[in-house]
Structure formats: structure tokens, C-alpha cells
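Input: a single structure, listed below in C-alpha cells.
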């Protein structure tokens, strides 16, 4: 019988130790009473924090300065997703280039697509620019499910906030009343901010044809601007 | 768990497709010792497991078993001539934009040249990426703004050889180290140093030096040029030939593309 080399034995011992540690190791420390929420973007994180208040801990994968179309799937995100109770995504294929492998590799059954802990915020929003007919690459960078930058519309923000509140209430029925109250305060604060938007509207409304990039469709609609597409 | 034909989780670059590498070619050590462009690529089963680690470290262990046929590296003469690969990876974000990636891999399979001999590969790799806080006007093909980034790998391949009708084992070593620096949102410069023995003659050593310039006209295209100087061993120790090469690459994106391994 062939004898194993020293390196083979060392490798086997190392692998066995690593496996044993993985089975015996304590779970990472976390705030047990709070719902752990991960979001794809900081906008969704902000909404979840506003609605969830002190009942949730929220973190975003993409940072505010990053283009949410292109985010590196860093392994550190896997650790965070592994311990998440709820994942909130923009959807409409905005994160298709980086989020699906993170979800799969996190091995967290709660946040897999279709699971109770997977929340697609686009379900609650009014979506603009949904293509009709055949969509081809000759049209450039087209989002076939509609414009995924819907959160730029404040009304959609309120719809998403309500969707998040409903989901959190479903996860923690005992906190439903508190969450409803938090949502009410958030809605009231948003309504109070509307006059500021209106003043900005008057200042911006000047040119009839506003040259803004396509992702600002919601922004233009909110301020009643007519948009010319820049290609 | 993954099942099917896949690139083995061996080292840092074996799982990365050519278009996602920071160079046009693959390091010399990959070509000389690990099967070139295809690397260790075989049908099998892969199991990965998170290993709890302190202080924000991400640790992952991967064990893979393959059929045992991988180009000119491994060949399965019998059903039990399976190939095995193990990989231990440790990763940590040092800050929001700086991260350190360490790894060690081990591969073993039946020699393609000798039906009754097993071959073993070992590799250590390390990479450090330091990012600069990007501005809002920096949408490029890569989300994380890679500024100084360095990769380094050392590989050892003991290989059976026939000498005077007696089997001996020779140890071929190879390494590369590379760095890239992103000058602004569209331009990146980089360099790589290679040094590696030959798989069939470990006393023959190739040395290479590359300079790489990359330009991103938009987030959907990439233009890259690479000058490569090779000081290549020919037939016997001390006998070298020099090679000066220029490589050019143009990439464009059509449709959504899944995330590359980080």
C-alpha cells in the first residue's frame, strides 16, 4: 500500500480541522430582536430604515456613489447576506449583473428568489417606459421590464415604504402596530416636504425640452418636465 | 454545491475567463505548468463551505472531485483515476475600498504522461486592491474603482520524469506578480513579472515582463494593449531566446453579463 506523503497528511489534517471548526464555531454576534435587512441600494436602505425604525438593522450592498448597474460581488457581501432575514432589491433587472450569484452563494434559504425574505420593490412602484413589442439590442441599453430608476419618484417612494412596512408586519406580527405608526409618520413627513419640491419645480420648469439622461424619467415626470432622450 | 463541467477552483486566475483578466494573456506560469488557457477544466462535483472566522474575515473552503481528464495535465486511465482539488480562501475588507485576498490551493490527479503516477500542484496566491473614493461621474465597466491592485502567485508542480529508466520527481516552480493603477476614469496602466520553470524540464526557466495599457471608451467597451518581453529558455540551461510581442484586445458588451468571480 502506498504511503501518504507528509504534505498530503498535513492537507488532510488542515481540511479536517477547518471542517470541524466550521461545525463547532459559534454564530456571529447579532442583535437577536432586530430584523436584519440587506438592500441592493442605499435608497431602499433609507426607506427600510425610515419604516423599520429601531426594529430593524439595515445595510446596503451598493454605496450611494456607485453605479448600481456595476457592483463588484465582493465575498464580504456573502457574509452579510448569509445572516439577512430580508433582502430588498430594486428589480427590473437593474442588479442582474452582480446580485444573483451573491444570493445563490450566500446559501441563505430565507432570501432566495421567491422565498419570504426576498422583496422586489418594483412590485409596489409605478413603472414607466415598459417596452412594447419586440426588444432588441439594436435599441441600445434597454431595460426590457421597464425603467428601473422608479425610486426617483417620491410617490413611488411612499408605495415602496408601504410595501416594506407590510412585509415587516408579516414577519413580525407583534410589531405591526408600531410599524404602521412609523409608516404614518414617514408619510406625513414626506407630504410636508412636497412644497419644497413644488418651489424647485417652478425654478426648473423653464425650458420645455429638458435634456436629461434616460434614467431620470421619474424625476422629469414628477416635475412635469418634458424630456429629450440623450443617446 | 456545483455539478458539471467547470474550471477548477485552483489559484486565483484559473476560474477567471480571459476577458475578465487584468491582462490580455495568462501568466507564463499558467501556460508552462497549469495547462495554458484552459487550465484545470473538467467535469466533476464541487462543494464549498463558509468557515466561521473572527474580525470580519471571510473564509471559504472548497473541495472538488473531477473525472480526472484535463487536457495535458491529468488523464484518467481507469475509473478510479479521479482528480481532486482543494482551495482555502481568506478575504477581508480592510476598508470600504481596500481589500486583501489570500488563498492556497492543492490539486492532484493522474499524470497525463505516466499512467501509474500521480501529479500534485500547489499554489499560494495573494492580492490586494486599494480603491479610491470614486466620484459620481465614474461609471465604467467595473463598479469598484480599482486603483493600485496587486496580484501575486507562487506555484509548485512536482512531476515524474524518466531518467536512466528510473522514475524521479522534479519540482518545477513558477510565480508572477502584477500591479495595475487606474490613472483616471478611462485609463489604467499595469505591469506583470513572470518567472517559471518548464513542466517537462524544471531546470529550464522562462522570464517575462509585460506592460499593459487599458482604455474604456464607455462602460460597454474596453481597448487594451500589452507589450510582452520574454526571455525564454530553449533547449538547455543557459540557452535563451528573446521574444518581443505586442498583444491587442478589443472587448464590447452585448447584453447583461453575470458577475465574475471576485
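No lab work stands behind these numbers, since they all come straight from the coordinates. Nothing here was measured: the structure is a model prediction, and the numbers come from that model. Methodologically, a virtual Cβ is constructed for each residue, glycine included, from the backbone with ideal geometry; neighbour enumeration extends over all protein chains shown.
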The relative contact order of segment B:81-128, taking Cα pairs under 8 Å that sit 6 or more residues apart, comes to a percentage of 36 percent
Checked segment B:34-77 with the C-alpha gyration tensor, a ≥ b ≥ c its square-rooted eigenvalues, rounded below a/c of 1.5, otherwise prolate if a/b is larger than b/c and oblate if not; verdict prolate
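Kindly identify segment B:175-223 as rounded, prolate or oblate by the Cα gyration tensor criterion: order the square roots of the eigenvalues as a ≥ b ≥ c, call it rounded if a/c is under 1.5, otherwise compare a/b with b/c, prolate if a/b is larger, else oblate.
prolate
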Taking alpha-carbon centroids only, segment B:200-215 lies from segment B:42-109 a number of Å equal to 25 Å
Mean separation of Cα contacts under 8 Å (at least 6 apart) over the residue count of segment B:1-90, i.e. the relative contact order in percent, is 29 percent
In this structure, the FRET efficiency calculated for residue B:242 and residue B:193 from their beta-carbon separation, with R0 = 25 Å, to the nearest 0.05, is 0.95
Once both label points are put 7 Å beyond Cα along the C-beta direction, the residue B:235-residue A:134 separation in nm becomes 6.1 nm
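Using the count of nearby Cβ atoms within 10 Å as a rough guide to exposure, how do B:15, B:207, B:196, B:214 rank from fewest to most?
B:207, B:15, B:214, B:196
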Mean separation of Cα contacts under 8 Å (at least 6 apart) over the residue count of segment A:46-158, i.e. the relative contact order in percent, is 23 percent
